[in-house]
Each structure stands twice: as structure tokens, then as C-alpha cells.
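Notes follow once the structure below has been shown.
The values are calculated or read from the model by the stated rules, or taken from the named source; none is laboratory data. From a predicted model like this one, the values you see are computed outputs, not experimental measurements. Counting neighbours? That spans all protein chains shown, and the Cβs are built from the backbone with ideal geometry, glycine included. Each accessible area value is taken on the protein alone, full model and side chains, heavy atoms only, with ligands, DNA and RNA left out. Shrake-Rupley method; radii C 1.70, N 1.55, O 1.52, S 1.80 Å.
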Amino acid sequence: PVMHGLLDKTYINKLKTSPSYTADSFAREYMSIWSGSSEESWFNFDKITKYRKIKNPETHAISRSNSNQFYLLSVDVGRISDQTVCSVFRVNIINDKYYATLVNLFVLGTDPKRKPFQFQAIDLKKIIKAFNPREVVIDTNGLGVGLGDEMIRPQYDEFGEYYPPYGFINDDVYRKVQPKDALCILYGIKANGPLNSKIHGNVYSRISSGMVKFLIKEQEAKSALTSTKVGQKMTVEQRFKRLLPHEMTTKLFEEMANLRLKRTGASMDIVLEQINPRFPKDKYSAFAYGMWRIKEMEEDYFKKKRRRSAMGNRKLVFFSGGTE
């Protein structure tokens, strides 16, 4: 239903009455139109697609020798109609620059029973346990406060496994109430108009400069997987789980292609709106928040490095009193 809403009904009927019409041919035709993106799109779909180079998603932290890296999670919070999405970034520091790879995307609360924030917090803590991230960015505007409240509390899942409380490193309100012994890796972000403008500009800039890489298309991943003995032996469910992160990345790109620059009069802020309002943008928001925090961390790194350099180059002059 959402997909059909993006296309002209006359064109859809034309496709369906074609002798060569099949579900697959319609999907290919649909994607060829959508992947070109609208002329109104702020992001150039074709240009950002060329950064889909990563063959394998990651489901847990992977230690690489001789690599200066860390993981970062970023979360856009939803409750009723919207989804809570968690982006997983692997950040590699190369020549003092923070290069990001989006290695996975998770949707929390897909089962209605797991929509309440108590269960979403457990699911997020499972991802934290798997990746041991340096930080977890959470949108604590509006609904996000509910998830933040649960993240600072301990929980047990349905199997009796314990998940500890986590604390915020930048929120004075939470710091007053979160447990003193909580591991402080949560970073709350409250995006207002001016900050959202900077966030959008940062996403555009870092992708355009090649600072971000993404998983390859699911079609390419499927071909590569089924060409191996391991892939051929997989069950349908196993193959679905393996290819899901690639599909989620495609959905992220579709959300980005559905964003256009909103006319705001004299304001110089970058305001993005959905071309089709029924098409979600939660994956983009989760991705954008993570990209913003990575930029902030890179800037903090440069500031510390400059301070250390200034301290090292500073010449100290000592005065010792002499005798006449």
C-alpha cells in the first residue's frame, strides 16, 4: 500500500495490464523509478548509492588488528505508528578523520507486545551488549524521554537475564536520578530547528565527501550469498536474517530520496520535509543523529590534539633571583 502510494495509479494499471507483468517485474520497475529519486529530492540517490560498498553486515563487535576503531549506536524513538530505529556505526579513525560505516540497522518493538518502552529498552540493551559501543545517542525529545527513563533502570528479560542500567553523560536532569554506578554511555540529543538544520547539512557533507560507507544492495548480497556453499545450505529464515540489514539500508536510502528542501521564507535553516507524507523517515533520523555525534566527537578529538600540541610547544621561562 505504501509503495503504490508513491506512483501514479494510471501508471500502475498500465504495468499490471502488460503481458510481461509479474510481481518481480513491477518491483524492478518501481525501484528503477524510485531509485532515481524525485527531482525535488534533496539527496541525490544515484550519488549516495555509489557508497554502498560493504559486503557483510555486523551483528556484534569485531576486533580488527592495527585498527583504531569504536562502535556507536544512534536511536530515533517511536511508540505508536512510528518505529524505534537503532543505527549501528563502526567508526574508524584514519589520519585523524572519523570515517563511519553503517554496519547494521535494527527496528525495535516490531511485535506489538514489545512496543512498550520497558521492552524496547531491553532490546536496545541487547544490542549494546553485542557491540560494546563507546556511546549510544538517543533522541530524548518528546517520546524519547520514555525510553530514556527505562534505560537508566535495570531490567530482566523473559529468560531471567539481567540487563544493567545505563547513564547519560550530557543530561543534568538524568544525572540527578540515574544510579551512581551506571555505565555512562548514553548521549541525549534534543534537536530543535537550528540544530536540525546543522544535522541535515552534516549528513549531506559527510556522505558527499566519502566519509560514510553502506552495505551493498540486497540483490548483490543475495547473489554473493547463494554462490557459496554456506549460503546454499541456509534455511529461508536464516537467509532472510542475513540479508535483512541490506534491505534496511535500501529502505534508509528510500527515506532519504523522499526528503525535499522546504521553503521557509527568509530563514537560512535547512528544513527537510517528506515528498510523500505517508512515507516514514525514522531510519533517516536515527542515521542523521549518529552522524552528528560522530562529527562532534571528531571535533572534540581535534580540540584535544591542538591543546596537547600547544602545551608541548610552549616555552617555559623560569626566573631565578641573582646576586648583585
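Note on T59: accessible area is roughly 90 Å² with a 1.4 Å probe, heavy atoms of protein only.
Roughly how many percent of the accessible protein surface of segment 131-258 is carbon and sulfur, given a 1.4 Å probe and a whole-percent answer? Within segment 131-258, the accessible surface is 55 percent carbon and sulfur.
The shape of segment 57-123 can be summarised by an equivalent ellipsoid whose semi-axes, obtained from the alpha carbon gyration tensor, come to 30, 12, 8 Å from longest to shortest. Work out the FRET efficiency for E39 and C184 from their Cβ-Cβ distance, taking R0 = 51 Å, and round it to the nearest 0.05. E(calc), rounded to 0.05, equals 0.65. At q = 0.15, 0.20, 0.24, 0.25 Å⁻¹, what log₁₀ I(q)/I(0) does segment 124-166 have when each alpha carbon counts as one equal point scatterer in the Debye sum? Log10 I(q)/I(0), no solvent term: -0.40, -0.69, -0.92, -0.98. When M268, M291 are compared by accessible surface with a 1.4 Å probe, the order from highest to lowest is M268, M291.
Within segment 161-236, count lysine pairs with alpha carbon atoms under 21 angstrom apart where the residues are 8 or more positions apart or belong to different chains. Close lysine pairs found across segment 161-236: 6. For V271, the residues whose modelled amide H falls within less than 5 Å of its own, excluding neighbours fewer than 5 places apart on the same chain, are K262. When you restrict to C-alpha pairs under 8 Å that are six or more residues apart and normalise by the size of segment 101-175, the relative contact order lands at 22 percent. Summing +1 for each Lys or Arg and -1 for each Asp or Glu among the other residues whose beta-carbon sits under 11 angstrom from that of E161 gives +1. Inter-part distance, segment 192-231 to segment 118-139, computed on C-alpha centroids, equals 21 Å.
A straight chain from E299 to R263 at 0.36 nm per residue would run longer than the Cα-Cα distance by 9.9 nm. Under the simplified labelling scheme, the K47-N92 pair shows an inter-label distance of 2.4 nm, with each label point 7 Å from Cα along Cα→Cβ. Extension gain for the segment K229 to D157, taken as residue separation times 0.36 nm less the Cα-Cα distance, is 22.3 nm to one decimal. Across the alpha-carbon set of segment 205-246, the Rg to Rh ratio works out to 1.16, Rh being the Kirkwood radius.
Each Lys or Arg adds one and each Asp or Glu takes one away; over the other residues whose Cβ falls under 13 Å from the Cβ of T59, this sums to +4. Under 5 Å from the amide H of V137 lie the amide H atoms of L73, S74, V75, Y187, each residue being 5 or more positions distant or on a separate chain, with H modelled from the backbone and absent for Pro and chain starts. In this view, the solvent-accessible surface of T235, computed with a 1.4 Å probe and all protein chains in place, comes to about 70 Å².
Residue pairs exceeding 28 angstrom between C-alpha atoms, taken from K55/K305; K50/K97; K50/K125; K50/K303: K55/K305; K50/K125; K50/K303. Remark: spin-label model distance V177-S309 equals 4.4 nm, labels positioned 7 Å along the Cα→Cβ axis. Within straight-line reach of K53, meaning a Cα separation under 20 Å, sit the following aspartates and glutamates at least 8 residues removed in sequence or on another chain: E218, E220, E247, E254, E255. For segment 125-185, applying the loop criterion from DSSP together with a ceiling of 11 other beta carbons within 10 Å to the trypsin sites (Lys or Arg not before Pro) yields K180.
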